[in-house]
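Student: Shown below is the structure under consideration.
The values are calculated or read from the model by the stated rules, or taken from the named source; none is laboratory data. What you see is a predicted model; the values in this text were computed from it and never measured. No Cβ is skipped: glycine too gets one built from the backbone with ideal geometry, and neighbour counts run over all protein chains shown. Areas reflect the complete protein model, heavy atoms only, side chains present, ligands, DNA and RNA absent. Shrake-Rupley method; radii C 1.70, N 1.55, O 1.52, S 1.80 Å.
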Amino acid sequence: MFRSRFLWKLYAGYVLLILVFTAIVGFLIARQIEQDTLNEIQESLRTRAVLLRDAVIPSLSGHPDNALQKRVHKLGAEILTRLTVMDPNGKVLADSEEDPSRMDDHSNRPEILAAGSHGVGTAVRFSNTVRTRMMYVALPVHSQDRLMGFVRASLPLSAIDERLADLRATVALGAGVAAGVALLLGFFMARSFAAPLSSMTRVAESMSSGDYGAQLPVTRRDEVGDLALALNRMARSCKERMETITTDHNKLLAILAGMVEGVVAVDHEERVVHLNAVAAAILRGAPNASIGKKIWEVSRVPEVCEALSATLKDVKQTRRELRLVSPPRDQVVEMHASPLHNGDGKLVGAVLVLHDVTELKRLETVRRDFVGNVSHELKTPITAIRVLVETLLDDVDLDLVTRQRFLTKILDQTMRLSTLVTDLLNLSRLESKDTALEWGDVDLRDTAETASQALLPAAEVRGVEVEVLKPDSALEVRGDAEALRQVATNLLDNALKYTPRGGKVWLRLRADGPSAIIEVEDTGIGIEQRHQARIFERFYRVDKARSRELGGTGLGLSIVKHVVLAHGGEVSVVSKHGKGSTFRVRLPLSSAADARA
Ligand code: ADP
């Protein structure tokens with residue numbers, strides 16, 4: 001309240017107004033009363049002078065004598081007024097308070113001169129005779145149109161001055177009291193104006209500091225009340241808008257944070273205004289610590305700074321590909337930079353979207369390689385078949401033995417094509433999620449039996465001994481019997497293919513804690529360390545020619561890996577070049593799965 005400058009300004013103006021007004025009114029009242037009093041005294045002195053004139057006319061007609069002095073003295077004492085009688089020349093003939101013989105000539109006194117010329121003369125001045133300020137009223141005395149002399153009545157003004165001083169004091173007191181009351185009322189009035197303003201200021205301040213909940217009490221039905229109502233309405237709508245803005249802002253932040261793309265936004269001075277977690281990871285920066293810093297302080301990637309600078313400079317969208325050499329894996333990032341405009345179309349910054357396309361690029365390469373590999377794998381047998389068929393057609397005289405040999409080769413190539421297509425179909429079925437495996441309880445002992453039985457003739461032809469070691473009790477897993485049989489077959493087939501005559505292959509089955517293990521060990525050629533991680537890739541072969549020669553498609557292990565992964569298991573290899581290999585498949589046992597359930 002007392003801090004309200006508005007109150008004090010309003011009040012100071014009001015105080016000044018009241019004081020000036022009271023001073024002027026007081027002064028005018030005092031002057032009017034003083035004037036009226038003086039007029040009253042003057043009139044009373046004139047009346048007394050008239051009485052004196054009438055009383056002294058007879059004496060002035062004759063010779064003035066001592067009796068005149070006595071009469072004047074007595075009359076003066078009775079009416080408490082100094083009375084003076086003068087002859088036409090101003091010589092004092094009688095005076096109620098002084099000895100006339102000791103008084104000087106009064107002809108040049110202003111009241112006498114005025115009385116002579118105007119019929120009545122008035123003057124106020126200091127009297128040397130009675131040593132005080134006096135009011136004089138003089139009248140000429142005529143008898144039969146002849147000037148007989150002058151009479152004068154006078155009174156000391158000291159008593160009047162005292163009365164006037166009292167009067168002024170009373171007026172001043174009255175004015176003071178009136179001013180005091182007016183000032184007090186004024187203070188309360190100013191306060192009643194200033195108080196709502198102070199509350200409004202408080203509410204406005206709390207609004208500016210983000211608190212929109214404060215409401216003003218509306219106690220008046222005037223403009224101030226209307227203003228309070230308007231402020232309350234404004235606070236409510238501000239609150240609603242702020243809530244909307246905050247919700248939108250949070251939504252936007254959540255969207256930006258949840259985006260798989262990195263987003264960096266900078267202002268027109270290239271200072272970071274937003275950096276989401278993905279962008280921070282790509283640029284190796286900290287999201288929050290980067291805000292307000294120049295982009296080149298945050299990112300060590302010059303292409304990012306360049307893209308943003310160029311967008312701010314040219315005010316147009318740019319798209320670039322960025323290769324980041326960042327161990328453990330290189331990244332390929334697609335950058336889209338766009339200028340940011342405010343509502344008035346003014347450039348306020350730029351936004352850069354970073355899209356990590358490393359996986360996309362990798363998949364593209366894989367797809368390209370795959371198509372290339374498939375085409376190549378298909379082309380070889382097809383070309384062979386075509387050449388053989390062309391020869392058969394061209395040469396009708398071909399002997400029966402050669403013809404038979406050609407036809408056998410065509411059959412081989414057709415078988416090869418068929419195996420390739422079957423493997424490709426199997427692989428694609430395993431890869432497409434919608435092809436459900438036929439789940440059931442599979443005893444791996446049956447799987448091993450079927451696979452080994454199927455491959456025994458081939459083993460005999462190749463001169464490789466196969467030993468199957470299985471537990472006495474069932475080794476059950478949840479899975480697709482056919483797919484699991486293929487796993488065992490592919491591993492056994494590989495072991496036979498890459499084991500020279502006289503070698504040995506073991507197919508072992510055992511339980512290991514919650515897992516079932518299928519192990520295929522051979523005493524074959526083994527796999528060099530550098531190839532071991534890649535042999536599960538499609539079409540990857542250590543020795544292409546050899547694999548082809550042996551009827552391999554390069555897809556066997558890839559199928560094994562997919563089936564095992566689809567069963568929640570894992571496959572690994574341990575091998576020594578020239579000594580042999582051991583492929584190990586680990587699958588969750590049904591009993592372990594049931595226990596978990
Ligand atoms: P392929 O049809 O060529 O056998 P796979 O996917 O089954 O294709 O195997 C990939 C490659 O892994 C083979 O070409 C071969 O070089 C190697 N490989 C697989 N199994 C063995 C093994 N038991 N001993 C040696 N090398 C093997």
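Student: Please report how far the C-alpha centroid of segment 242-265 lies from that of segment 431-500, rounded to the nearest whole angstrom.
Tutor: Going from one Cα centre to the other spans 54 Å.
Student: Modelled label-to-label distance, LEU400 and TRP439, 7 Å Cα→beta-carbon offset: nm?
Tutor: In this crude label model, LEU400 to TRP439 measures out at 5.9 nm.
Student: In addition: Give the total of Lys-Lys pairs in segment 312-465 with Cα-Cα distances below 26 Å; include a pair only if its members are 8 or more places apart or on different chains.
Tutor: 4
Student: So, one more: If the chain between SER199 and SER237 were fully stretched, how many nm would it gain, using 0.36 nm times the residue separation less the Cα-Cα distance?
Tutor: Length gained, SER199 through SER237: 11.8 nm.
Student: Using DSSP to call loops (not H, G, I, E or B), can you name the trypsin sites (Lys or Arg not before Pro) in segment 370-464 whose Cβ has at most 16 other Cβ atoms within 10 angstrom?
Tutor: LYS433
Student: Measure nothing but the geometry: give the 0 to 90° angle between the long axis through the Cα atoms of 358-394 and the longest principal axis through the Cα atoms of the chain, rounded to 10°.
Tutor: 30
Student: What is the calculated FRET efficiency for MET103 to ALA165, with r their C-beta to C-beta distance and R₀ = 35 Å, to the nearest 0.05?
Tutor: E(calc), rounded to 0.05, equals 0.70.
Student: Run the 1.4 Å probe and let me know the accessible area of GLU390, rounded to the nearest 10 Å².
Tutor: Ignoring ligands and nucleic acids, GLU390 comes out at about 80 Å².
Student: On to the next question. Could you give P(r) for segment 5-164, binned at 5 Å from zero, as whole percent values over all Cα-Cα pairs?
Tutor: 2, 9, 16, 19, 15, 10, 6, 5, 4, 3, 3, 3, 2, 2, 1, 0, 0
Student: Quick one, what does Rg over Rh come out to for segment 327-367 if you take C-alpha atoms and the Kirkwood Rh?
Tutor: Across segment 327-367, the Cα-based Rg/Rh ratio is 1.28.
Student: Rounded to the nearest 500, what is the chain's calculated 222 nm mean residue ellipticity when only DSSP H runs of at least 4 contribute -39500 (n - 2.57) each, over all residues?
Tutor: -18500 deg cm²/dmol
Student: In addition: THR247 versus VAL20, label points 7 Å from Cα toward the beta carbon: distance in nm?
Tutor: 5.8
Student: Quick one: Kirkwood hydrodynamic radius for segment 361-430, alpha-carbon pairs, angstrom, one decimal?
Tutor: 13.9
Student: Once the Cα atoms of helix 158-208 and of the chain are each reduced to a long axis, what angle between those two axes, in degrees from 0 to 90 to the nearest 10, is obtained?
Tutor: 10
Student: Same structure again: So how much accessible area does PHE21 have, in Å² to the nearest 10, using a 1.4 Å probe?
Tutor: 130
Student: Leaving out ligands, DNA and RNA, and with a 1.4 Å probe, what % of the accessible surface on segment 213-258 is carbon or sulfur?
Tutor: 61
Student: Next question. What's the Cα-based Rg to Rh of segment 213-258, Rh via Kirkwood?
Tutor: 1.31
Student: Taking segment 259-356 as the region of interest, what is the percent of Cα-Cα pairs per 5 angstrom bin, listed from the shortest bin to the one with the maximum distance?
Tutor: 3, 15, 27, 27, 18, 8, 2, 1, 0, 0
Student: Against the longest principal axis of the chain, how steep is helix 223-258, in degrees 0 to 90 to the nearest 10, with axes from Cα atoms?
Tutor: Result, in degrees: 20.
Student: What full-extension length gain, to one decimal in nm, is calculated for THR450 and ALA55 as 0.36 nm per residue of separation minus the Cα-Cα distance?
Tutor: 124.8 nm
Student: Just round it to a whole percent: the fraction of Cα-Cα distances in segment 110-180 exceeding 20 Å.
Tutor: Here the long-distance tail beyond 20 Å is 50 percent of all Cα pairs in segment 110-180.
Student: In square angstrom, what is the accessible area per residue of segment 373-488 with a 1.4 angstrom probe?
Tutor: Per residue, segment 373-488 has an accessible area of 62 Å².
Student: At q = 0.13, 0.18, 0.32 Å⁻¹, what base-10 log of I(q)/I(0) does the Debye formula yield for segment 400-444 when every alpha carbon is treated as an equal point scatterer in vacuo?
Tutor: -0.53, -0.69, -1.00
Student: Still on this model: Expressed as a fraction of 2.2 N^0.38 Å, the rule-of-thumb size for a compact globular protein of N residues, what is the C-alpha radius of gyration of segment 160-276?
Tutor: Dividing the Cα Rg of segment 160-276 by 2.2 N^0.38 Å gives 2.18.
Student: Cα-based Rg (one decimal) and Dmax (whole number) for the chain, in Å?
Tutor: Computed over the Cα atoms of the chain, radius of gyration and Dmax are 65.1, 206 Å.
Student: Additional query: Which value, in Å² rounded to 10, gives the accessible area of VAL466 with a 1.4 Å probe and all protein chains present?
Tutor: Answer for VAL466: close to 40 Å² accessible.
Student: Check each of the GluC sites (Glu not before Pro) in segment 229-293 and keep only those in coil by DSSP with at most 15 other C-beta atoms within 10 angstrom; list them in order.
Tutor: Within segment 229-293, the qualifying GluC sites (Glu not before Pro) (loop, at most 15 other Cβ atoms within 10 Å) are GLU269.
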